[in-house]
Structures are given as structure tokens and as C-alpha cells.
Amino acid sequence: MIRSLENLPGIKERKQELIEKLLGNEILHEELIELRDKVNAEDLSDILQRIYDLNETYIYKLAAVETMVEKLNKIKNRQRNQVFFKKIRKGFRKLNDNLSNNDSPGDNPHITVVAEGDSWFNYPIILTDIIDRIIMEKDLAVYSIASGGDWLLNMLTGRQYVEELSISHPDWFLISGGGNDLVGARRLATILQPGGESVEFEKSEWAQHLILDFAEKSIIPLKEDFHEGLPFLSKDFYALLMFFHLQYYFLFKGLLKTEDNCVSKFEGLKIITQGYDYPLPSSDKKFGINPVRWYIPFARTFLGHGGWLKTPLQIRGINAERSQQKVLYSMIYLFNEMMIELGDIFNKRHPEQRIFHIDSRDSVGKGGWTDELHPTPVHFIKIGQTFIDCIKRRKAPTYGNVYVVKTCNP
Amino acid sequence: MKKFRIIIWAGFLVIMLVFFYCDYFYLKPGIVSFEFANEMDGKLILDGWKNDKVLSIAQTMIWLDFAYIFFYVAIMITLSNRQIRKEPSIGLNALLRANFFFAFLAGFFDSIENISLLYNIRYWQTSYFSVVWATWLKFILIGWTVLIWLISFIKSIINR
């Protein structure tokens, strides 16, 4: 039935027209709303190939996690999931049956979680990452399929999360993705506008809506850096950001089934997203005499530091350190607002909030980075703690559906 | 990973037993006294071991100690790594991570010590090279890593 509707004269052409507009960053906010309800997996694949200017097979090859990292990811996930099964075998979920009908889910002493994501959720060696911190909670059982270096693209096309959600029927689904799609395989260079003369933000009605109408600037201040970074972002960045929006929308719609009176297979499932902090492009190895921070020069020497941000920025002729920081500031600010708006869209359709966002912006600070992309364990622990605050409802959201790390766990 | 853990624990225990056996039955004073000896005491100990068999046993034990270094460093790192995953305290979590580095450093000092002991066994009658400082540093680092691990371990048991 759906297929036949799509084939109706005009509908397919209209969708194609909207996709063209999206790729050219000429789509209006209302048109994006129209497109996101029409888009299917095939369209997403088409958009992707055109954003990356590559064929599908090559894109997946590019996005594939390197073999060695994949092995380490698997080892860490296996160890984490052993803890999960140990808890389950001890009757972790059976205890849920003791809840009376009057108990709210917040009274539930045992909570199950499935986590899908990138290196913020699974940094396979040395660092304590967000999921490591969450797993330490006795009353949370976490099943992890997160992989360091993974692209959102891989997560959504691999659909491993669907299988795991169907098996576990968890209370919470945590997802962290998009970072590697932006900066993996030096892709950052492809979404920059050398010379800093881009006016694409002014052309994007939707991006302006995110900043002007939506962002809680009193809580997450919009520094001048944002406006100074924008001229370096090309139309491909906005196309990619809208592509993320469509991908996540497609994912959440599938999980929460909020339209056409469909009943969700995962009734009651709650979702947490996260949107990183403003990273600092650098190629500095940070050798020092503090033995507690020995892992920083180690990670910076052997694990890809400099190649994710600094080099691609320099490839496009953006050499000044401050300009580099401003570019990343603008990107991460918009990425977070995109995620927050998505949660808001779905929360408005439900009587209770179903999607939450952990906002790490401004929480890590200048000296808090292990390398270009990853905070030190101290900050990962604080972000993880904020996830726990959200899951266990220990604290109220900072605003709307958002938990701001620097407010919840300064 | 499980196989690796079995190998390092088996290697560690077997070599430790060999050390205890040799120390108890052949070396008087033991190898630890030799490690802590300054030039004068070291020469006295070696003079007491002059009998060829004892010297060659001491030499073999020191060669074996290189393998032992690998095993105990690996054990300290894997134990700290496992404990990190149970340690939410920011301070202890950071100290457990520092244990990786300290364990490696302890192994490094132990290697320096072994090289100098082998040298001394061979040339003690003409020259002697004392590295008591490396021995002290080694034991301090090992003591520190074990202490941090123990504090975190006991804390996790109490909070279980």
C-alpha cells in the first residue's frame, strides 16, 4: 500500500525535488518536515551517496571499523556483556515483577539498558568511557554493542540494535553517533569552506530556527565563536547535518512508532542521545612529567590524534588555531541543537518524555582532552554520571528533555 | 583474554616456586639480600657463593627473573585494568590507570637491576656496579601499585 502511494504521480517527483533542495542547502524548514515523513531507507542511501560523492560500497568500506580496533571493541563488549548476563542469571529482571501497579517506573530498582555508539561509549583501551561508568551501577544492567570508531551510518544500516532491542526489551536505549561520520577518514575536509566566506547558515532556514527559536542560550551560551566559525562551513555540512536529522528521525520513528496509530514493539522504551563537547584541534603530543596523565602522550602518539581535526582543517587552509576551534564550536553547537530538537519533536507526540539528551557542551574544558576527540576519564565519568542521573531520575532535567553535564555534575 | 590470564598467572606462580626452592636450598644469603647489597656487602655475598654451582644457580635465577618481570607486570596491569571498571571514584580511577605506568616502570628498574647483577656475578673480582637505587625504586613502585589496587578492591567489596 505504501509502495503504491509512493508511486502515485507527483509524490516521487516531489520527494526527489526535496532531496535536491536538501543537498543544495536550499530546503525550507517546512519542506524538511515534509521530507522527513516521506523518506525511506532507499532515499537515505541515495542522499548519503550524493553527500559523500562516492558509491555505496566504497562508503561502507570507508566507514568500516579498522580490524585491530574492531577486535579490541569486541573484547571490551564481551567483558561488559559478561557482567550483563551475570546479573540476568542472578534474577535481575525477575525482581521487576515485585513492582506493584502503583509504582512508577522511577521506583523500579532494576533497570536494563542497551547501548549503541562510538568511542564515547566504547573506548577500547586505557580510558574509562561513559558506558564503563554506567555499568558500575549495581541496579543497572547494560548490554553494549558500541564500537569505537563506528559511524552512525554503520549503526543504522547494520541494525544490530534492532536485534538486541528485540531480545532484551530494555528500559533504556542509549545512542551516541555522528562524530565519526563528520571527522572519520578525514571527511571533515569535505565539509569546510576555505576562505571563510560561506553564507550557508543564512540560507538554511532550519539551522537558523535551531539557533534563533530553539537553543536555550541562557544555559548554553552562544559565544561569538559560533558566528565566527559559521563562514567556514560549506553547504555539504548543512546537508550532512540534515542527513543526521533524517537518520535519527527514521530511527526514533521506527522505535517509538508514533504515527499511523502503530503500536511500538518497544513500548515504554526511553532513549538517551548525546552530542559531544567542542573539541580542540591539535597535533601536540602533550608530553609531561605527571605520571597520572601518562596515557595522554601515549594516545596522542599511537591512536590517530591530529589526523581527525587538525590535518583536515589544514588541508583546507584553515591554519589559525582559533579559527580551527571556532569551526568545531559551530559544528558541535549545531549538532547538539539538532539532537535536542529531535527529542523535542517526539516528546511532543507522547504523554511522557521518551527521548532525553545529555548535553556535554562546555563541560570538558581546555585541559580535559585525552586527544582531539576524547575527554580524559574524569570527564567521561562526569558525563556517565549525568546519564545515570537521567536514567535513575535522580535529578530533574536542566531544561526540557536536556541534562546539561556542567550543571548536573560540574 | 582468559587464556592470557591463565598463562600469566601460571608463569608467575611457577617461577615464584622455583625462586623459593632455589633460595631455600642453595642460596645463603638469598637473592633479595644480594639485590639490596651495596658494593662491599655484594662482594661478600659473592665471595660466599664462590662455589661454581651456587653462582650458576644465582645466574640462572636472574635470567629467569626477566621472564618473571613480564609475568608480574602483566598481572599488575590486568588486575588494575579490571579494577578500573569497578572504580567510580575519580581519584582512585586515575591512580589505578597510573598503575599501568608504574608497573611498567617497576619492570624497567628490575631489568636494570638484573643486568647489573649479572655483570657483578661475572666481574665482581675486578669491578662492581651497585644499583641499589633501582631495587628500592622497583619495590616502592610495586608496593604502591599493590596498595592502590588493594584499597580499590576492598572498597568495591564493602560497596558490593
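Here are the numbers for this structure:
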read-out	value
B:Ala134 vs. criteria within 14 Å of chain A (Cβ to nearest Cβ), over 30 Å from B:Arg160 (Cα atoms) and crowded, with 16+ Cβ neighbours inside 10 Å	no
Residues that are under 20 Å from B:Ile8 (Cβ atoms), more than 9 Å from chain A (Cβ to nearest Cβ) and surrounded by fewer than 18 Cβ atoms within 10 Å (Cβ to Cβ), drawn from the stretch B:77-103	B:Thr78
Count - residues of the stretch A:133-155 that are part of a loop (DSSP other than H, G, I, E, B), under 16 Å from B:Ser156 (Cβ atoms) and not aliphatic (A, V, I, L, M)	3
Verdict on A:Pro297 being over 25 Å from A:Arg361 (Cα atoms) and either among the hydrophobic types (A, V, I, L, M, F, W, C) or surrounded by fewer than 21 Cβ atoms within 10 Å (Cβ to Cβ) (or both)	no
A:Ser363 being in contact (Cβ under 8 Å) with a residue 24 or more places away in the chain, among the hydroxyl-bearing types (Ser, Thr, Tyr), in a loop (DSSP other than H, G, I, E, B) and under 30 Å from A:Gln314 (Cβ atoms)	yes
Members of the stretch A:276-321 that are free of Cβ contacts under 8 Å to residues at least 12 places away in the same chain and either under 25 Å from the mean Cα position of the chain (by Cα) or part of a helix (DSSP H, G or I) (or both)	A:Pro291, A:Val292, A:Phe302, A:Gln314
Residue that is nearest to the chain's Cα centre (by Cα), among those in the stretch B:1-45 that are away from chain A (no Cβ under 14 Å) and among the basic types (Lys, Arg)	B:Lys28
Some residue of the stretch A:139-161 being within 27 Å of A:Asp389 (Cβ to Cβ), within 14 Å of chain B (Cβ to nearest Cβ) and surrounded by fewer than 21 Cβ atoms within 10 Å (Cβ to Cβ)	yes
Subset of the stretch A:387-397 [of a type in the set (Val, Ile, Thr) and within 13 Å of chain B (Cβ to nearest Cβ)]	A:Ile388
Qualifying residue in the stretch B:54-75 (condition: within 14 Å of chain A (Cβ to nearest Cβ), farther than 19 Å from B:Gly30 by Cα and buried (at least 17 other Cβ atoms within 10 Å of the Cβ))	no
Matching entry among A:Ile318, A:Ile345, A:Ile332, A:Ile340 (being surrounded by fewer than 20 Cβ atoms within 10 Å (Cβ to Cβ), out of contact with any Cys (no Cβ under 8 Å at 6 or more places or on another chain) and among the β-branched types (Val, Ile, Thr))	A:Ile345
Matching residues, the stretch A:41-66, being surrounded by fewer than 18 Cβ atoms within 10 Å (Cβ to Cβ), modelled with pLDDT under 80 and in a helix (DSSP H, G or I)	A:Glu56, A:Thr57, A:Tyr58, A:Tyr60, A:Lys61, A:Leu62
Verdict on A:Ile340 being away from every other protein chain (no Cβ under 14 Å), in contact with a strand residue (DSSP E or B) (Cβ under 7 Å, 6 or more places away or on another chain) and not in a helix (DSSP H, G or I)	no
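Matching residues to (1) closer than 20 Å to A:Asn81 by Cβ; (2) modelled with pLDDT of 95 or more:
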residue	(1), (2)
A:Leu165	yes, no
A:Leu174	yes, yes
A:Asn180	no, no
A:Pro231	no, yes
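The values are calculated or read from the model by the stated rules, or taken from the named source; none is laboratory data. Everything numeric in this text was worked out from a predicted model, so none of it was measured. Note that each Cβ is placed from the backbone with ideal geometry, even for glycine, and that neighbours are counted across all protein chains shown.
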